[in-house]
1. If you average the sequence gap of Cα pairs under 8 Å that are 6 or more apart and divide by the length of region 4-163, what percent do you get for the contact order?
2. Taking the Cα atoms of region 55-106 alone, what are Rg (to one decimal) and Dmax (as a whole number) in Å?
3. With each label point set 7 Å from Cα along the Cα-Cβ vector, what nm distance links His168 and Ser141?
4. Where the only charges are on Cβ atoms (+1 Lys, Arg; -1 Asp, Glu), what is the dipole of region 63-110 about its Cα centre, to the nearest 20 debye?
5. Take the solvent-accessible surface of the protein heavy atoms, probe 1.4 Å, and return the percent of it on region 144-191 that carbon and sulfur atoms account for.
6. Taking the Kirkwood radius as the inverse of the mean 1/r across Cα pairs, report the Rg/Rh of region 41-160.
7. Rounded, prolate or oblate: which one fits region 12-76, using the alpha carbon gyration tensor with axes a ≥ b ≥ c (rounded when a/c is under 1.5, else prolate when a/b beats b/c, else oblate)?
8. Starting with the highest mean, order 13-21, 111-119, 135-143 by the number of other Cβ atoms within 10 Å, averaged over the residues of each peptide.
Amino acid sequence: SFRQDSHTFSAMPTSPDLTLSSDYFTISVSRRLLLKITTCNCEASKICVVCNKSVGCGVDEWGDHSLLCMKDSNAGRRVDWHDENYRIWLRVFKRVGWDAKAEVSNHLLCDSNKRPDIVIFKSLMGGDIVIDYITCVVGKSDVVELAATTPLHAADAGATTKCNNWEHLVQLQGDTFLPLAAEDTGALHEEAVDLLTSAASATGGTAGERQAFLTYWRQVMAITTARGVAKVIKQRVPACTGAHWPVQPHHFQHVQDAVVPPQPRQHLPMRQPQICMPCNQNPLVADSDVRVRVCPDTPDPDFPDLPDCALTAPGVYAPGPVFPDLPDWALTAPGVWRLPDSSVAAGDLYMNDDEVFAGGRASG
């Protein structure tokens with residue numbers, strides 16, 4: 001049945017709907033490769049943490065029993081797998097403009113207390129379409145033998161069960177019933193594929209656009225199934241009765257969790273301020289209380305000798321006749337210049353790169 005799913009591992013993680021966490025991804029890969037979901041390989045028996053059954057009594061180390069055990073009603077399978085998937089279908093129907101609602105109470109006229117997962121109102125088929133979703137495990141004891149050789153056998157069995165429970169009651173009131181069956185492998189029943197194709201046709205557009213619609217939503221459904229299945233299994237991993245209790249649901253224990261690479265930095269961290277990597281110069285930082293004066297572009301007889309690094313400071317422009325003695329570090333402040341022929345009462349007028357005026361002496 002895994003051969004019927006070509007969308008789970010072809011999806012690119014470009015959105016949260018198409019993303020699996022590291023834990024869920026390793027479980028999904030292990031099941032696809034038919035590997036055990038635990039790293040424990042000792043000879044001690046494994047037991048189900050819910051029903052306390054052991055290996056040989058229905059418990060397996062591939063995760064199928066975790067999906068099938070109903071000792072505690074398996075709320076995770078209903079919430080994390082079943083409910084999340086049929087809500088994806090509801091999003092599809094609303095995306096194409098169909099009038100669809102989920103969990104419509106009292107929709108059936110008979111006194112059956114049945115509540116369908118989705119109802120599409122006033123469809124083109126002449127009546128409402130009543131939809132009920134079902135999750136199918138290919139490792140279930142009554143379908144596993146044929147499911148191993150017949151594609152979609154588990155989905156066919158699940159769809160048949162839904163039709164037997166719903167179809168007659170729905171047809172009595174003139175509506176149409178459609179079962180949506182999906183296997184834990186990610187494969188969809190044929191009727192589900194046909195319904196999705198009809199939704200793609202309702203969008204209009206070119207053949208390429210319809211195919212892109214189908215591919216995207218098939219990938220979303222496959223990833224949602226893989227995420228739900230892995231989440232259920234992780235919560236119910238068989239426990240080792242030996243020295244390895246509890247076991248972790250990671251088969252690939254040598255693969256470390258991915259770490260986001262650090263962002264490239266222009267300079268070394270603050271704990272190593274002695275070298276600037278781009279310019280290979282020592283960073284010079286002036287005290288916050290020190291005011292900065294700048295130098296003229298051309299040498300002046302009355303101006304002191306300046307170091308070469310002072311003349312390379314970016315953004316320095318200060319034509320003027322005479323300047324007082326300046327410390328060597330004072331001329332390295334970027335973005336400070338003197339406006340020529342502009343005097344104020346407090347001294348010369350300066351401007352920095354932020355176009356902030358200052359009388360007398362301009363701060364860097």
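1. Relative CO of region 4-163 lands at 12 percent.
2. Computed over the Cα atoms of region 55-106, radius of gyration and Dmax are 16.2, 51 Å.
3. Here the answer is 2.8 nm between the modelled labels.
4. On the way: 8 positive and 7 negative charges, 40 e Å.
Here region 63-110 has a charge dipole of around 200 debye.
5. Working: 1090 of 2160 Å².
Carbon and sulfur atoms account for 50 percent of the accessible area of region 144-191.
6. Working: Rg = 18.5 Å, Rh = 17.1 Å.
My calculation of the ratio gives 1.08.
7. It comes out oblate by the Cα gyration axes.
8. Working: 13-21: 13.1, 111-119: 15.7, 135-143: 18.7.
Taking the mean over residues of other Cβ atoms within 10 Å, the ranking is 135-143, 111-119, 13-21.
The values are calculated or read from the model by the stated rules, or taken from the named source; none is laboratory data. As the structure is a computational prediction, the values presented were derived from the model and not from experiment. We place every Cβ from the backbone using ideal geometry, glycine too, and count neighbours over all the protein chains shown. SASA here: full protein model, heavy atoms, side chains in, ligands and nucleic acids out. Shrake-Rupley method; radii C 1.70, N 1.55, O 1.52, S 1.80 Å.
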